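Below: the structure, in structure tokens.
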Amino acid sequence: MSDADRAPALRAFIADLNTAWKTAGPPSYTDLRKLSRQVRQSTHGAGLRVELAESTTQEILSGQRRGLPKWQWVASFLAVLRVAAAESDVNPDSLGTLEYWKARHEAADAELHEAKRMACEPAGAAAGIAQRPILARRTADQPVTSYDWELGSHTPTDLYRRALALGLWQDYRDAVPGWFETYLHLEPAASLIRTCETHFIPGLLQTEEYASAVIGLGHPGFPAAQVMRRVELRMRRQQILHRPNASRLWAVLDEAVLRRWPVARATMRTQLRYLIDICEQPNVTIQVMPFSAGSHTAAGGPISILRFPEREIPDVVYLEQLTTALYPSEPDDIHHYNQVLSRLGIEAASPAASVKILREVAEEA
């Protein structure tokens, strides 16, 4: 079975590249190569590094290549298509923004990476790589060390130490439920955080006022000081999006998150404006799942997946519930949730269209 057969998101990505190509003309492969040369030589093409050779373009668009095209090629292809579209009196914006395509490329890459990792599982076992399953459920009285797996020379302890060195949360142990400790240890070490939320704005994207309101809503008996401690921790966690080697965040928000307000109108208005502003950061991608899309695969609750720079370390799936959290660790489970998020990225509105939705809702607030 080929990589493309194992990754529906890859097939969808190639199909959408073909749709963009046809929308822009379609220009011939020879015309694409000539245009790429012209764009590279122009002042507008200063960032275009790839010349679109006929053979390479034909192999990619026809699906003959097993893997995902490199992002540099995709970005160059889109830049050239915009020029071709303008020459054909087609609105270049109809092809989609670079941010939208970047999110699509990362989603396809994530699914393909997971498919390859699963295919290599037997070989890894034969090579003597030990992997013990993560406990599927942790309760408040279980220590963080119950997160029990290791892979090669990398262990959770290595990731914990890296996270602790960042000094993001260890001063807030009094405000952390036991089942959340594992996630807090691992989050700062992640290079990519993919999440889908169906009820609230993700914690990494919340304003202080919004966080205070939703924490108080979920813990009505908490003293104000305890609520504030959790708010402070949530604000500190957000540093991973603004540090020099910032984590990338890709979040899909159900439209209900934007329109069912758990906070005062003024607080929600400020929160929505913050989401619009943070979308301008290159490491943050937000997509909205509109009501018009109907039901979707993540309707059952929020999903988060952490990915680490070390490719051999498995992704960590985190499913938060009211009073506990699940960490599904079986390879089939990890693959399933990666596919769910990849499908959501395809079904949701593009990042550019999502900003428009955010603006519309903010105007109504």
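We did not get these values from a lab; they are worked out from the coordinates using the rules stated. Given the structure is predicted, the values throughout are model-derived calculations rather than measurements. When we count neighbours, we look across all protein chains shown, and the Cβ atoms used for this are built from the backbone with ideal geometry, even at glycine.
Computed from backbone phi, the HN-Hα couplings of segment 333-342 come to 5, 4, 4, 4, 5, 5, 5, 4, 5, 5 Hz, rounded to whole numbers (Karplus: 6.51 cos²θ - 1.76 cosθ + 1.60, θ = phi - 60°; Gly and Pro given as x).
Each residue, Glu208 and Leu98, gets one label point 7 Å from its Cα in the Cβ direction; the gap between the two is 3.5 nm.
Here the Karplus curve 6.51 cos²θ - 1.76 cosθ + 1.60, taken at θ = phi - 60°, turns the phi angles of segment 348-357 into couplings of 6, 5, 4, x, 5, 5, 5, 4, 4, 5 Hz, with x standing for Gly and Pro.
Can you compute the FRET efficiency between His113 and Ser55 using 1/(1 + (r/R0)^6), with r the Cβ-Cβ distance and R0 = 41 Å? Round to the nearest 0.05. The value I calculate is 0.95.
Summing charges over all other residues whose Cβ lies under 15 Å from the Cβ of Glu364, with Lys and Arg as +1 and Asp and Glu as -1, gives +4. Multiplying the residue separation of Ala352 and Glu280 by 0.36 nm and subtracting their alpha-carbon distance yields 24.9 nm.
Residues whose amide H comes within less than 5 Å of that of Arg65, counting only those at least five positions distant or on another chain, are absent (H built at 1.01 Å from N in the peptide plane).
Summarising the label geometry, the points placed 7 Å from Cα in the beta-carbon direction at Tyr172 and His199 lie 1.9 nm from one another. Charged side chains reduced to their Cβ positions (Lys and Arg at +1, Asp and Glu at -1) give segment 189-242 a dipole of some 200 debye around its Cα centre. Under a model in which nothing but the beta-carbon of Lys, Arg (+1) and Asp, Glu (-1) is charged, segment 227-305 shows a dipole of about 380 debye around its Cα centre. Among the GluC sites (Glu not before Pro) in segment 231-303, those placed in a DSSP loop whose Cβ has at most 16 other Cβ atoms within 10 Å are Glu280.
Remark: segment 273-282, residue by residue, has Karplus-estimated 3J(HN,Hα) of 5, 5, 4, 4, 5, 6, 4, 6, 6, x Hz, where x stands for each Gly or Pro and the curve is 6.51 cos²θ - 1.76 cosθ + 1.60 at θ = phi - 60°.
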